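These notes are about the structure you will find just below.
The values are calculated or read from the model by the stated rules, or taken from the named source; none is laboratory data. Only a predicted model underlies this, so the values are computations on that prediction, with no experimental measurement involved. Cβ sites come from the backbone with ideal geometry, for glycine too, and all protein chains shown count toward neighbours. Ligands, DNA and RNA are stripped out before the accessible areas are found, and what is left, the full protein with its side chains, is counted by its heavy atoms. Shrake-Rupley method; radii C 1.70, N 1.55, O 1.52, S 1.80 Å.
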Amino acid sequence: MNHIKQQIIVSGVGGQGVVFATRLLAEAAMEAGLNVLTSEDHGMAMRGGTVVSHVKVGAFRSPLIRRGQADVGLFLNRENLSVHRGLMKGAGRIFVNTDLPGEYLHCDATGLAKDAGAVVAANLVLLGYAVRTGGLFCTAKQAENVIMRISSPRQLELNLKAFRRGTGDRHEM
Amino acid sequence: MPSKDERIMMGNEAMGRGLVECGCEFFAAYPGTPSSEILTAAVGFAKETEAKMHLEWSVNEKVAYEASLAASYTGKRSAVAMKQVGLNVAADPFMRSAYLGTKGGFVLIAADDPGPHSSQTEQDSRFFARFAKIPVFDPACPAEAKAMIRQAFELSEKYEIPVMLRPTTRVCHARQNVSCDQPDSLNRAPYFEKNPGRWIATPQFIPELHRLLNEKIEKIAEEDAYRPRCFTGDKSKKEFSIIASGVAFAHAYDLLDDLGLSGKVDLYQVTLPYPLHKDFIEQIRSQYEKILVIEETYPVIETQLLDLRVQGRRTGLIPNRGELTPDVVQKALEQFLDVPPADTAPPAAVKGKRPSLCAGCPHRAAYYAIKTTFPRGIFPSDIGCYTLGMNFGAIDTCHCMGACISQGTGFYFAYAGEENPPAIVVSIGDSTFFHAGIPGLINAVFQKARFILVILDNATTAMTGNQPTPQVGIRADGSLGNPVLIPDILKACGVRFIRECDPYDMDALSSRLREADRYCRSEEGGIAVIISRHPCLLDRSAAGTQLVLAVEITEDCTGCEECLNEFECPALTADKAAGRVVIDENLCVGCGVCVSVCPMGAIVAREK
Ligand code: SF4
Ligand code: SF4
């Protein structure tokens, strides 16, 4: 039995693909044979407010991450650090979509996504980037399997391309 | 994992799946966060598994409850789902259904919203269940919510009693890996057995039905299947016990693990908070000195324990309002178990961007026209996306579904004797109007009230995920219904002034509003209704058909920010450095409505 336990937050604003990134992580956990619980802010959040999702992989029961407990943080915009950084562990790894350096790992996911075809795929670039650094519970292969399984046919090519921009795998379909 | 069908499911989807798997044949609901996706999911799963099932978005929760209850009278399994305040609307059939009971299993899903995140109260439906003398399950996660649907049907059928399942927002919206099975094929032929003493139950039958109900509840409280589950400690803290239910139990479980206390103190999960298991109550009182109860949102378990040593809401260890987040539970656990606080850093002030109506939203245009036409007006409004009109001062009240129309009557008569009374402009969404607005309108017409009623008709229930309204004529499963038209209803309610207008044309709407005001104040005046009609932009197909303009802000912008403060389109943002306003191309839908908002004429639009 696998004893991995990992708590991940995905932070952004409505329309940035927090929900899709969260779903992808959940499916990847299942793909890896792990239990998973996720939750995200709903309702008014879809009208453009701040959104954060919690992903708990492994033997957890509660769907929420307590302050100071997240192992990994994926920030789809830098402004959200001021709002959600408090959820991170001191030793937690923070990945930010920005070209500005700071106390975090970062990549210009929006720029790379634009390059790959559409800014909306910045979420996948950032995910790919986090996977590449070994910060996430899953492998690039598992994540790609999930992308292929859950993307709409219209989005599949873009999603894979964006994810590979993040992992640095220039080999495209 | 070969043949095992495991899927990531939202709590609401898991419950929808549970209903289909249990052979439920009638399922009605009214949308409301956090419960809305249950019915949509059931529609999908019924199609997938070819289950035979009637599924409907009813016009309101009372209607949904009554329809579903009658289906149970025929022996079929039936269910109804709503959010907690929806149960207030359905309170009448709900309370009585405990006395009369059911035949086929009948499950009520009432989704609570501690916090609240998107509700007008944070009431605890388990309390309502106790008030009604109806058993209630309290799931801690999506997989459990699905499993409890089956337990609820079985309990309901064993005792012929309605059973409530009370998930909270965190359970409804959490996602989890959940395993799926094929639906039971019960193939029950409908059989309604006439029994006037029970199904009519005039007052003389009630004492006996009440006696029976009490007996059922007594027996259920003795069922060992619903005795709280114990996660036993190693006796190192043997005088302590923690009793929790719902997602608060899940938080407590993870927290004890984090604090290094799992397996040291006895932790109980209550799955059926009412009626609380009888022997369990005795056991807790005799076995422990220190007892902590953690539950959302009101003290339901706590008050059934009838023990003054119990710590919880009564003693203030658990706050008496708000959601029990892991941070809150942590503090309570540390105090109760007398362990040093892990960290004392104050929680980060979670202040995100405030939500606002979408860019190009037709409601914004309607509101801007209303408030600029009547600067002195009183604006009762109602529940839906359009409540966000409060951000820019376009609405003055919001109470409960349909209340704004009755409030219009109240305001009208309160000001009626005054010289030059303010214009009263009531705004209500189309779905809310169908839900509970019609009786208020009949009353207003009958009482000779005079006000303007603007029906914001965007042809959907946008707030909760765009469920179609009766006027649209499409049913929950996508099949056609008989459309019921708002103008026909208005005429039948006795309204004599009815106008329609697209709010994107704000000048036209403004002149309709002035015309309506003159009508209200004229000798023969009464209720004036304007149907402000434009589809919700979240409805992709409708949005695709509308004209898209190229909109720009010219050098004439003085940075007065009138457009930001009074109109608040999210596509308009201040460029503080430049002292002007700019348009965010990614958000702007090119509706062109803002053009008439700028006093400097700095916003210009042209056809692309
Ligand atoms: S666009 Fe018009 S209303 Fe908005 S800040 Fe500029 S001048 Fe003022
Ligand atoms: S045209 Fe004006 S009102 Fe319409 S979406 Fe663009 S900025 Fe907003």
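Using only the alpha carbon atoms of the stretch B:224-336, find the Kirkwood hydrodynamic radius as the inverse mean reciprocal pair distance, in angstroms to one decimal. Before the final figure, lay out the partial values.
Details: mean 1/r = 0.0725 Å⁻¹.
Evaluated on the stretch B:224-336, it is 13.8 Å.
By the rule of a C-alpha distance below 17 Å, with chain neighbours fewer than 8 residues away ignored, the aspartates and glutamates paired with residue B:264 are B:234, B:239, B:254, B:289, B:334, B:338.
Note on the stretch B:500-608: with neighbouring protein chains present and a 1.4 Å probe, carbon and sulfur make up 49 percent of its accessible heavy-atom surface. Taking a straight line from the alpha carbon of residue A:114, these lysines sit under 26 Å away, with near neighbours fewer than eight places off in the same chain left out: A:141, A:161, B:353, B:608. Applying the Kirkwood pairwise sum to the alpha-carbon positions of the stretch B:476-608 produces a hydrodynamic radius of 17.8 angstrom.
Each residue, residue B:522 and residue A:114, gets one label point 7 Å from its Cα in the Cβ direction; the gap between the two is 5.7 nm. Farthest towards the positive end of the charge dipole of the stretch B:4-220, among the residues B:19, B:9, B:73, is the Cα of B:73, using unit charges on the Cβ of Lys, Arg, Asp and Glu.
With coordinates expressed along the principal axes, the C-alpha atoms belonging to the stretch B:1-100 extend over 48, 30, 21 Å, beginning with the largest. In a simple Cβ point-charge model (Lys, Arg +1; Asp, Glu -1; nothing else charged), the stretch B:362-543 has a dipole of about 60 debye relative to its Cα centre.
Send over the Kirkwood Rh of the stretch B:549-607, from the inverse of the averaged 1/r over different Cα pairs, rounded to one decimal Å. Here the Kirkwood hydrodynamic radius works out to 11.2 Å.
Amide H contacts under 5 Å for residue B:165: B:108, B:109, B:110, B:137, restricted to partners 5 or more places along the chain or on a different chain, H placed in the peptide plane at 1.01 Å from N.
Tell me what chain B gives for mean residue ellipticity at 222 nm when only DSSP H runs of n ≥ 4 count, each as -39,500 (n - 2.57), the sum divided by the residue total, rounded to 500 deg cm²/dmol. Can you show the working numbers first?
Numbers: 21 runs with 210 residues, N = 608.
That comes out to -10000 deg cm²/dmol.
Given +1 at the Cβ of Lys and Arg, -1 at the Cβ of Asp and Glu and no other charges, the dipole of the stretch A:6-165 around its Cα centre is 220 debye to the nearest 20. Taking 7 Å steps out from each Cα toward its Cβ at residue A:3 and residue A:99 produces label points 4.5 nm apart. Helix B:91-100 and the longest principal axis of the C-alpha atoms of chain B enclose an angle of approximately 30°. If you wrap the tightest convex hull around every Cα atom of the stretch B:113-233 and split its volume per residue, you get 181 Å³. Between residue B:581 and B:559, B:575, the built amide H atoms are under 5 Å apart, and every one of these is 5 or more places off in sequence or on another chain. Were the residues from residue A:148 through residue A:132 laid out at 0.36 nm apart, the gain over their Cα-Cα distance would be 3.9 nm. Take the Cα of residue B:52, step 7 Å toward its Cβ, do the same at residue B:566, and the gap between the two points is 6.2 nm. Mean projection of the Cα convex hull over all viewing directions, computed for the protein assembly as shown: 36.9 nm². Mind checking Rg over Rh on chain A, alpha carbons, Kirkwood formula for Rh? Answer for chain A: 0.93.
Helix B:246-258 versus the longest principal axis of chain B: what angle, 0 to 90°, nearest 10, using Cα atoms? Approximately 70 degrees, to the nearest ten.
Using a 1.4 Å probe, what is the accessible area per residue for the protein assembly as shown, in Å²?
Numbers: 32040 Å² over 781 residues.
About 41 Å² of surface per residue is accessible.
Per DSSP H run of at least 4 residues, take -39500 (n - 2.57); add these up for chain A, divide by its residues and hand me the 222 nm value, nearest 500 deg cm²/dmol. Could the numbers behind the result be given before it?
Values: 6 runs with 63 residues, N = 173.
Helix contribution divided over all residues of chain A: -11000 deg cm²/dmol.
With the whole protein complex present, residue B:400 retains an accessible surface near 60 Å², based on a 1.4 Å probe.
Distant-in-sequence amide contacts of residue B:115, defined by a placed amide H-H separation under 5 Å and a gap of 5 or more residues or a different chain, comprise B:322, B:323. In terms of accessible area, using a 1.4 Å probe and ignoring ligands and nucleic acids, B:382, B:307 rank largest first as B:307, B:382. With a 1.4 Å probe and all protein chains left in place, how much of the accessible area of the stretch B:224-336 comes from carbon and sulfur atoms, in whole percent? Within the stretch B:224-336, the accessible surface is 48 percent carbon and sulfur. Projected onto its three principal axes, the C-alpha set of chain B covers 76, 65, 60 Å, listed from the longest axis down. If you sort B:158, B:133 by accessible surface, 1.4 Å probe, largest first, the order is B:158, B:133.
With a 1.4 Å probe rolled over the protein heavy atoms of all chains, the accessible area of B:442, B:243 falls in the order B:442, B:243, largest first.
Each residue was assigned an accessible area with a 1.4 Å probe, and for residue B:148 the value is about 0 Å².
Toward the positive end of the charge dipole of the stretch A:6-165, with +1 on the Cβ of Lys and Arg and -1 on the Cβ of Asp and Glu, the farthest Cα among A:153, A:90, A:119 is that of A:90. Diffusion coefficient of the stretch A:73-173 by Stokes-Einstein, Kirkwood radius over Cα pairs, 37 °C, 0.692 mPa s: 240 µm²/s.
The slack between residue B:334 and residue B:181, meaning 0.36 nm per residue of separation minus the straight C-alpha distance, is 51.0 nm. An ellipsoid equivalent to the stretch B:362-543, defined through the eigenvalues of its Cα gyration tensor, has semi-axes of 26, 18, 15 Å when rounded to whole angstrom and sorted largest first.
Based on the Cβ-Cβ distance from residue B:193 to residue B:586, what FRET efficiency comes out when R0 is 45 Å, to the nearest 0.05? Let's see the in-between values first.
Details: r = 62 Å, r/R0 = 1.38.
Efficiency for this residue pair is about 0.15.
Solvent exposure of residue B:536, expressed as accessible area, is near 10 Å², computed with a probe of 1.4 Å over the protein chains only. When +1 charges are put on Lys and Arg Cβ atoms and -1 charges on Asp and Glu Cβ atoms, the dipole computed for chain B relative to its Cα centre reaches about 1120 debye. Take the Cα of residue B:376, go 7 Å toward its beta carbon, and the backbone nitrogen atoms of the stretch B:422-447 under 11 Å from that spot belong to B:422-423.
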